Each structure stands twice: as structure tokens, then as C-alpha cells.
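So the structure is just underneath, and the comments pick up after that.
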Amino acid sequence: MKVSTSTSIVIARPREEVFDLCTKDDTRERFLRPLGPIAGVAKSEMHAGEVLRTGAHRTITMTDGVVLEEVILDYTRPVRHQYRWVGGLKPPFSWLVRSGTGCWDFTEVEDGTRIEWSYVFDLRSPLAYPAALPILSLVNRWLVQGLNAIAADIARQGTIDATRSAADRSTA
């Protein structure tokens, strides 16, 4: 059984510029911070000799010590960045979730670039569904927090101006 959540934000900058910022090496560590029991990203590194492209692998170390092995499912600049991880979570999350697939879609809009960040989780059992719902809501807040942190940093630097907050377009 699968459950999903998504959020989006519009940033008043060209799609290529927004895509490059969101997919560069240090973005996850800088902006995907902990939120309650949801860990942040402490370190993200490509496997030896690999570059960010479809089929590549990277290791994500979370702030709670969890290490996730990701495979890049789709890296199509400047349109999509999709990845999947399996296992690696600590209880209680590991009791509920088998794997997760994240997808960042970048679309040109009149105001700049819309980023839609979606997550699909494979539950270990349909019995996990009731317990997963409140966690899914928290994960959505974590996605919103991450996109808003990216937008705020861009606005502070004066290079990119965020026009609408991610919280305005979230779904759990």
C-alpha cells in the first residue's frame, strides 16, 4: 500500500537557475533541517566516481544517524529530479515504511518557476495506514519547511525572490 504527500512553491527566477540550486550538493544539508521526530539531512554524497544523473547512487546521512541509500530514478535538467530509497529507517518509522520515492518537478510559470515536491511511501502493510497518516502530515510540514527555507535563502541573497510560500499549496 502506498501513501503520498506533496507541496509546491513558486520562485521568481528562471527554471534552470532554480533547478541547479535545488539539486546542487549542499542544498539538502543546508535546507532540509529536522522537524519534530522527522530528521534533517546531515550529509549527502554521491557514490565514488558517480555524478548526479539518472541511474546514479548516493548516500544520505540523516541527523538522527539513519543512512539511506538512494538511486536516482530521473535526472532531467531542468525538469525533474526523482530518487528512491529502501530501508535504513529507525523504529518507529521502519515499522511502517518500507521505502520512499521523492520527486521534484520544475515547471515554468508566469511568475517564474513552480517547484512541486512529492513523496510516495510504500507501507509495510495496510495495517500501517492509520498510524502513517499523522506521520504523513508531519512529513508534509517538513517538505514545506524545506522549500520555504530554500526560497527564504534565495530571497536573502537577492538572487532569487520567492513569490508564494509552500504552505499555501500543500496536500497530505
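Specify which of the listed residues (Leu21, Leu68) is touching a residue at least 12 places away in the same chain (Cβ under 8 Å), under 17 Å from Gly102 (Cβ atoms) and in a helix (DSSP H, G or I).
Being touching a residue at least 12 places away in the same chain (Cβ under 8 Å), under 17 Å from Gly102 (Cβ atoms) and in a helix (DSSP H, G or I) holds for just one of Leu21, Leu68, which is Leu21.
Can you tell me which residue among Phe121, Phe106 is under 20 Å from Arg141 (Cβ atoms), of a type in the set (A, V, I, L, M, F, W, C) and in contact (Cβ under 8 Å) with a residue 40 or more places away in the chain?
Phe121
Do any residues in the range 1-17 that are closer than 19 Å to Gly102 by Cα and free of Cβ contacts under 8 Å to residues at least 24 places away in the same chain have Cβ atoms under 9 Å from those of residues that are among the basic types (Lys, Arg) and in a strand (DSSP E or B), where the two are at least six apart or on different chains, and which pairs are they?
Here the result reads none, with nothing in the range 1-17 linked to a residue that is among the basic types (Lys, Arg) and in a strand (DSSP E or B).
Condition first: surrounded by fewer than 16 Cβ atoms within 10 Å (Cβ to Cβ), of a type outside the set (Asp, Glu) and either under 21 Å from Ala132 (Cβ atoms) or in contact (Cβ under 8 Å) with a residue 12 or more places away in the chain (or both). Now tell me which residues in the range 34-51 satisfy that.
Pro34, Gly36, Pro37, Lys43, His47 - these are the residues of the range 34-51 that are surrounded by fewer than 16 Cβ atoms within 10 Å (Cβ to Cβ), of a type outside the set (Asp, Glu) and either under 21 Å from Ala132 (Cβ atoms) or in contact (Cβ under 8 Å) with a residue 12 or more places away in the chain (or both).
Can you tell me how many residues in the range 71-84 are touching a residue at least 24 places away in the same chain (Cβ under 8 Å) and basic (Lys, Arg)?
2
Got a sec? Which of Thr61, Thr101, Thr54 is free of Cβ contacts under 8 Å to residues at least 40 places away in the same chain, part of a loop (DSSP other than H, G, I, E, B) and at negative phi?
Selected residue: Thr54, the only one of Thr61, Thr101, Thr54 that is free of Cβ contacts under 8 Å to residues at least 40 places away in the same chain, part of a loop (DSSP other than H, G, I, E, B) and at negative phi.
Answer with yes or no whether Arg33 is closer than 28 Å to Ala155 by Cα and either under 12 Å from the mean Cα position of the chain (by Cα) or part of a loop (DSSP other than H, G, I, E, B) (or both).
yes
Search the range 111-128 for residues being at pLDDT 95 or above and assigned to a loop (DSSP other than H, G, I, E, B), and hand back the single one that is nearest to Asn148 (Cα to Cα).
Arg124
Would you point out which residue out of Thr107, Thr163 is part of a strand (DSSP E or B), out of contact with any Pro (no Cβ under 7 Å at 6 or more places or on another chain) and modelled with pLDDT under 95?
The unique qualifying residue is Thr163.
Kindly indicate whether Thr7 is touching a Phe, Trp or Tyr at 6+ places or on another chain (Cβ under 7 Å), assigned to a loop (DSSP other than H, G, I, E, B) and polar (S, T, N, Q).
Considered against the rule, which asks whether it is touching a Phe, Trp or Tyr at 6+ places or on another chain (Cβ under 7 Å), assigned to a loop (DSSP other than H, G, I, E, B) and polar (S, T, N, Q), Thr7 comes out as no.
Of the residues in the range 56-92, how many are touching a helix residue (DSSP H, G or I) at 6+ places or on another chain (Cβ under 7 Å) and among the aromatic types (Phe, Trp, Tyr)?
0
The values are calculated or read from the model by the stated rules, or taken from the named source; none is laboratory data. Worth saying up front: this structure is predicted, and the values here are computed from it rather than measured. With ideal geometry, Cβ positions are generated from the backbone for all residues, glycine too; neighbour counts draw on all protein chains shown.
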